[in-house]
Amino acid sequence: MSAIDHTDELALEALRPGPVQPAAQMLNRSPQDGSPAGIMLAMAQYGVSAADLRELLAMQREWRADEARNAFNAALASFKTEPVYVRKTKAVGYETQKGDFVGYKHAELSDVVAAVGPALAKHGLSHRWDVTQTKDWISVKCILKHAAGHSESVEMGGPPDNSGKKNAIQQIASTVSYLQRYTLKAITGVAEESDDDDGHGGDGNSDAAAYPEESFRANLSAWSELILSGRKSADQIIASVESRGAPMTDQQKADLKAVAN
């Protein structure tokens, strides 16, 4: 064989594809080699088709999503072992129709955040809220996310809180704060101290802590419009109101459900 023939043979040998490497090994290279362009070039070098590459990348995404979900569940389970106490620091009182004063305490949003925030961060978890609003309804979604990327959420909604002498902005802010507090408690599974007695004044009399009739009548028109338009059901409105710690009376529930009949 001549020197020229030998050179040609070496060039052809350099162009021949090498041995096929396991896909898992190729998809788990260094971060620099693991870029989409790097993976495509590596796969093309070993004769992998574009269709096979897409399938392998889809499998990899599913595997990473499963790993992220497992990491989230493990972190949340570890968070549950933390001694998290949500203290009630906000004193609230009002006068009933009978002239009796009912006083109780509940946790403010800052109390819940202060209690769960550091414990969540300790386990790679964080939270945030998404707020959406229409004319008569506010929805708040609390999103709990793990550092690995998996997230889960809880969403609640309610009308602007027009009790008292709040202006329009204060009504929105009050409802948003309530919903942020309850969605954060729901997604993390924590409860306020003596949460089952919230709004009952500690006397075991649930009637004394019922949703004020004055506020019910003030809100009834807006709630009726939501029900008649099909945007909300009576049960959804009742659940939203009662999530704030003041249960509706049987008569109030009946009046609200009668709107749709």
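Computed over neighbours whose Cβ is under 12 Å from that of Val48, the net charge equals -1, Lys and Arg +1, Asp and Glu -1. Report the FRET efficiency, 1/(1 + (r/R0)^6), for Ala114 and Glu62, where r is their Cβ-Cβ distance and R0 is 45 Å, rounded to 0.05. About 0.75, to the nearest 0.05. The local environment of Trp137, defined by Cβ-Cβ distances under 14 Å, has a net charge of 0 under the rule Lys, Arg +1 and Asp, Glu -1.
Extending 7 Å from the Cα toward the beta-carbon at both Val154 and Gln170 defines two label points whose distance is 2.9 nm.
Lys-Lys pairs in region 133-185 that are eight or more residues apart or on separate chains and whose Cα atoms lie under 21 Å of each other come to 4. The order of Trp137, Trp129, Trp63, Trp223, going from fewest to most other C-beta atoms within 10 Å of their C-beta, is Trp63, Trp129, Trp137, Trp223.
Where a number appears in this text, it was derived from the coordinates with a stated rule and is not lab data. Source: prediction; values computed, not measured. No Cβ is skipped: glycine too gets one built from the backbone with ideal geometry, and neighbour counts run over all protein chains shown.
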